[in-house]
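Input: a single structure, listed below in structure tokens.
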Amino acid sequence: MGGTFDPIHHGHLVAASEVQALFDLDEVVFVPTGQPWQKAAASVSPGEHRYLMTVIATASNPRFSVSRVDIDRDGPTYTIDTLRDLRRLNPDAELFFITGADALSRILSWKDVDELWGLAHFIGVTRPGYHLSESGLPADGVTLTEVPAMAISSTDCRERVAEGKPVWYLVPDGVVQHINKYRLYAPSAPVVSTDPALSGVTVNGGLGVIDPIGAGQATPTSSASPPSSTTTPKDPA
């Protein structure tokens, strides 16, 4: 499952759990986007924060794991590169790409779209009442499923923090604590992290910004035997 995860919230986790059960997947791999090609770099929190929040949120579920393939890759993140990397790492696995239906609606504009269908089966998770036109999408390559919790959005969570409103029960408790500790999304003076794991990361005006000093540092399905079926998304979120 891929996405910006800025921040990851319960809607993402419920969607991943529902799809895992529906398709009997051995594992759901969360892949935080590195540099979203459709979003300005200044509008997205540093990859290390988004990666750590995703690790925190998924740690208690043995079916969930987190991959760094996009965080560690230089340049803009494209789903085609994500799937190529995951295919190379899991050559015998059947891959499922989980993404929001709103993002899936733009898939025909994605890079190397014709190759995508051969790398994974796409699962579009829809919010209640959302209608997605399947025009132009291969009938055997896309499945839509509705998840009520997807009414939660990362944008709303960021706006609530910026307005001083709580996000408890919208995002996992550990993610709330990480947001508060590093003052993510909240208007404030720049704060440089003293955590060695986040060396060089600052928070500026509520959005994480990589400090020039130390910038560029970066610290990873169904088959016969686990781990197999992998679930991943991306371009959106």
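Check LEU83 against each of (1) farther than 22 Å from GLY141 by Cα; (2) at pLDDT 95 or above; (3) crowded, with 22+ Cβ neighbours inside 10 Å and name the one condition it does not meet.
Unmet condition: (1).
Show me the helices (runs of 4 or more DSSP H) found entirely inside the range 18-124 where at least 3 residues are closer than 27 Å to PRO187 by Cα. Steps first, please.
On the way: elements: 47-58, 79-89, 101-104, 113-119.
Fully inside the range 18-124 and qualifying: 47-58.
Take the conditions over 21 Å from CYS157 (Cα atoms) and either β-branched (Val, Ile, Thr) or touching a Lys or Arg at 6+ places or on another chain (Cβ under 7 Å) (or both) and apply them to VAL44. Does it pass?
Details: over 21 Å from CYS157 (Cα atoms): no; either β-branched (Val, Ile, Thr) or touching a Lys or Arg at 6+ places or on another chain (Cβ under 7 Å) (or both): yes.
So VAL44 does not fit the description; no.
Kindly indicate the residue of the range 1-25 that is surrounded by fewer than 20 Cβ atoms within 10 Å (Cβ to Cβ) and not aromatic (Phe, Trp, Tyr) and also farthest from LEU83 (Cα to Cα) among those meeting that condition.
From the range 1-25, those surrounded by fewer than 20 Cβ atoms within 10 Å (Cβ to Cβ) are 10, 14, 17-18, 21-24; that's our starting set.
Right, trim to not aromatic (Phe, Trp, Tyr) and you get 10, 14, 17-18, 21-22, 24.
Working: HIS10: 24, VAL14: 22, SER17: 21, GLU18: 21, ALA21: 22, LEU22: 21, ASP24: 20 Å.
For the range 1-25, the residue satisfying everything is HIS10.
Tally the residues that are of a type in the set (A, V, I, L, M, F, W, C) and at pLDDT below 95, restricting the search to the range 37-78. Full working, then the answer.
Going through the range 37-78, the residues of a type in the set (A, V, I, L, M, F, W, C) turn out to be 37, 40-42, 44, 52-53, 55-57, 59, 64, 66, 69, 71.
Remaining after also requiring at pLDDT below 95: 37, 40-42, 44.
Residues in the range 37-78 being of a type in the set (A, V, I, L, M, F, W, C) and at pLDDT below 95: 5 in total.
Just to confirm my filter: which strands (runs of 3 or more DSSP E) fall fully inside the range 134-237 and include at least 1 residues that are modelled with pLDDT of 85 or more?
On the way: elements: 142-146, 201-204, 207-210, 230-232.
The qualifying strands (runs of 3 or more DSSP E) are 142-146.
Here are some residues: LEU89, LEU119. Which one is among the hydrophobic types (A, V, I, L, M, F, W, C), in contact with a Pro (Cβ under 8 Å, 6 or more places away or on another chain) and surrounded by 13 or more Cβ atoms within 10 Å (Cβ to Cβ)?
One residue alone meets the criteria, LEU89.
The values are calculated or read from the model by the stated rules, or taken from the named source; none is laboratory data. None of the values given here were measured: they were computed from a predicted structure. Virtual Cβ from ideal backbone geometry, glycine too; neighbours counted across all protein chains shown.
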